[in-house]
Amino acid sequence: MWISRAPARAVRAPTSSTGSRSGTHAALVVAGAAPAGGGTSGIPDTLPEERRYGLGLSAFELGSGYSRQAPFERLARVPLARLVDRTGHNAHLAVLHGREVVYVIEERAPGRPPLVTEVGVRLPAHLTASGRAVLARLPQAQVRALFPDPSAFVRRNELGPTSLSALRHLLTEVRRHGYATEEDEITTGFSSVAAAVLDHSAHPIAGVAVTFPGAQVDEEQRGRMAAEVGRVARELTRRVGGVTD
């Protein structure tokens, strides 16, 4: 599907002194909507002979990702709201994107402070409970490909694994317990517990987590919270036709 010339003329995008549309393209680059080199890797593909743009591969990927994710988000919203009601703490849903997790749902508990995990925020997967829950379910070769060398291990608050061996040990513990945790590694004073949502092939598609002030929740309460998070993760796994443990 191509963008027609008529709308482009109606917009009357400003031209440079040479009469080209370079200013328009620069604005699109800044906005992330066009490739900096004028090539075909951005959201619009450039058609230099016709002096117009067409929707490119990135737009297709963006649209395809949204079409897959949106129904799942609708399925997850009510169970997450119920999780907040049962635990009294903020809950969120995150998906893996490269070495990061992207937060797609955040449900805030009444009276609880806002967290860094707002919708659209990206954080290092190896530092978050949600990311660890997902990474623990991936094949070891995929984890190795995501974290090939020490430079892949960014840190916050000077905490978290700094090598593949340390990450593997941590993920082994996640699989042993059935849930993932983090403490002070994202925000000082806050801890999280998370579990993975699985698809029909037992591949992790998201992480469900609850975040709480670490000093206010004892070990017994954390255990109950982990059970509630696991319950929601299994519910969502069933809803998407996934494989439950």
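FYI, it's all coordinate maths here, none of it is from the lab. Small disclaimer: the values here were computed from a predicted structure and weren't measured. No Cβ is skipped: glycine too gets one built from the backbone with ideal geometry, and neighbour counts run over all protein chains shown.
In order along segment 132-137, the Karplus-derived 3J(HN,Hα) couplings, from 6.51 cos²θ - 1.76 cosθ + 1.60 at θ = phi - 60°, round to 5, 4, 6, 4, 5, 9 Hz, and Gly and Pro are given as x. The shape of segment 155-245 comes out oblate: with a ≥ b ≥ c from the C-alpha gyration tensor, a/c is at least 1.5 while a/b does not beat b/c.
Applying D = kT/(6 pi eta Rh) to segment 78-156, where Rh is the Kirkwood radius over alpha-carbon pairs, T corresponds to 10 °C and eta to 1.306 mPa s, the Stokes-Einstein value obtained is 117 µm²/s. Entry for segment 206-245 at q = 0.15, 0.18, 0.26, 0.34 Å⁻¹: log10 I(q)/I(0) = -0.42, -0.55, -0.85, -1.15, Debye formula applied to identical alpha-carbon scatterers, no solvent contribution. Shown is the FRET efficiency for ARG238 and ARG176, computed with R0 = 25 Å from the Cβ-Cβ distance and rounded to the nearest 0.05: 0.60.
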